[in-house]
Amino acid sequence: MLTLALLRHAKSSWDQPGLNDIDRPLNARGIAAAPVIGREIARLKLNPDLILCSTAKRTRETLALALPKAAAGATPVLFEEALYMASAERLIERLQRVPGNTRTVLLIGHNPSLHNLALALAGRGEPDSLKSLADAFPTGALAILEFDAADWHGLATGQGRLVHFTTPRRLSAA
């Protein structure tokens, strides 16, 4: 069994119009939301063997606020520029290169890539969660998919089962 957690960065700031997109930080709402999603990850006992994170400032800040232990070195983190604005197809290709002894991966990235990836991989799951996922993948959203597979090499569309989908807004309202 393989587990893939997809985490979209928390809400980012647009306060500096001349700033390159990759350099945009989180805004106050994002800074507040990232730890909320981090607590959900802890509640679910999701312990990634590997974290793949875009090099964008907002993804790195989301990681540091949501999973401070991982950001401090408890879990291997690979910051990869190729994850920034990669297509869903490129993300699948990257995941297919994850070492075989890695059971759980957390991928922190951007839309529309993560939304398209989640939609492509989620072949089954609880109907309400699948509908919520189909509707949107907002900032700070977390989708967890499981695969009946021995390794990542054969990862393909439609093979995943969506086991969890939430957002910081839902968690704050609960």
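The values are calculated or read from the model by the stated rules, or taken from the named source; none is laboratory data. Every value quoted in this text rests on a predicted model; they were computed, and no experiment measured them. Here the Cβ is made from the backbone with ideal geometry for all residues, glycine too, and neighbour counts use every protein chain on show. To get the accessible areas, we keep the full protein, side chains included, count just its heavy atoms, and leave off ligands, DNA and RNA. Shrake-Rupley method; radii C 1.70, N 1.55, O 1.52, S 1.80 Å.
Given only helices, namely DSSP H runs of n ≥ 4 each adding -39500 (n - 2.57), what is the per-residue ellipticity at 222 nm of the chain, to the nearest 500 deg cm²/dmol?
My calculation for the chain gives -9500 deg cm²/dmol from helical runs alone.
Once fully extended, how much extra length lies between Asn116 and Gln96, figured as 0.36 nm per residue of separation less the alpha-carbon to alpha-carbon distance?
5.5 nm
Quick check: the angle from helix 28-43's long axis to the longest principal axis of the chain, C-alpha only, nearest 10 degrees?
30
Once you have a ≥ b ≥ c as the square roots of the Cα gyration tensor eigenvalues for segment 83-161, tell me rounded if a/c is under 1.5, and otherwise prolate or oblate according to whether a/b is larger than b/c.
Oblate shape, in that a/c is at least 1.5 and b/c is the bigger or equal ratio.
Under 20 °C and 1.002 mPa s, how fast does segment 70-128 diffuse according to Stokes-Einstein, given a Kirkwood radius computed over C-alpha pairs? Answer in µm²/s, whole number.
D, rounded to a whole number, is 165 µm²/s.
Normalised by the number of residues in segment 30-141, what is the relative contact order in percent for Cα pairs under 8 Å and 6+ residues apart?
30
Between Phe79 and Ala28, 0.36 nm times their residue separation minus their Cα-Cα distance comes to what?
16.0 nm
At 1.4 Å probe size, what's the solvent-accessible area of Arg90? Round to the nearest 10 Å².
140
Which value, in debye to the nearest 20, gives the size of the charge dipole of segment 83-149 about its Cα centre, when Lys and Arg are +1 and Asp and Glu are -1 at the Cβ?
Its charge dipole is roughly 240 debye.
Quick check: the distance between the Cα centres of segment 130-151 and segment 34-90, to the nearest angstrom?
If we compute the Cα centre of each part, the gap is 15 Å.
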